[in-house]
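Here's the structure we're looking at; comments come further down.
A short reminder: the numbers here are calculations on the coordinates, not readings from a lab. What you see is a predicted model, and the numbers here were worked out from it, not measured in a lab. All Cβ positions, glycine included, derive from the backbone under ideal geometry; neighbour counts span all protein chains shown.
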Amino acid sequence: GNLFQNFRNINLDSIANNILKGINDFQGIYDNSNSKLTKTDDISINANIELFDIYNNVKKEISIDINKKCSKCMALGYNIDTKDICSECNGEKMIITHQALHFYSMFKNIKFKSMGNDELGKRTGNVYINLCCKKHPSFRIIDDYNLLYRIYTLQKENISHNEDGVVITKPIQFLDLKQYNIIIKKPATSLSLFYEYEIEGYGLYIPNKTRG
């Protein structure tokens with residue numbers, strides 16, 4: 001008798017509602033892991049960014065508006081407790097959501113998996129951010145991780161002679177806001193109008209390594 005009375009006091013609607021919420025949560029996980037389902041179109045964003053930010057790995061944020069399943073009604077379109085039309089999505093099951101994406105500038109191509117638009121019965125698409133470096137007056141990116149710095153003119157005070165031949169010293173205001181002296185030693189007979197000099201470890205970040 002007591003057992004039967006306990007069952008009579010159970011709110012069956014509440015049990016059903018909790019089960020339904022769980023099913024909807026599981027359905028969302030299943031949709032995104034089911035490779036057989038069509039995926040919504042990916043979002044690709046080209047972002048112009050300063051070379052200074054890329055070099056110093058500055059953290060950035062981009063905000064976008066995307067379609068998302070209504071979390072208030074679990075994309076049902078109505079409140080499962082009151083059976084009223086959902087006040088958040090107005091029965092549409094989907095809402096426009098303002099989403100902030102955070103990333104570090106050292107990575108030129110960033111992927112945000114399953115952070116794109118939602119559609120019912122489809123896998124959520126990805127968001128891709130491609131960093132495009134703004135033009136810099138002194139430096140430019142070559143070969144992804146190496147930097148080119150061009151010296152167009154040299155003053156007399158930058159050129160001296162010693163036992164090594166001609167020594168060219170040029171101070172550079174670098175991207176880390178420090179100043180470095182670049183010393184190039186060449187025999188006087190082989191000094192040409194154009195000369196290329198390589199300095200290791202002062203380029204951009206290379207994944208799992210140091211710098212270009």
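Observations on the model:
- Inverse mean reciprocal Cα-Cα distance (Kirkwood Rh) of segment 82-212, Å: 20.0
- Distance histogram in 5 Å bins (all Cα pairs of segment 61-156, percent per bin): 3, 11, 15, 13, 11, 10, 8, 7, 5, 5, 4, 3, 2, 1, 1, 0, 0
- Rounded FRET efficiency, nearest 0.05, which uses the C-beta distance separating S63 from R140 and R0 of 30 Å: 0.55
- Scoring 96-107, 115-126 by mean Cβ neighbours within 10 Å over their residues and listing the highest first yields 115-126, 96-107.
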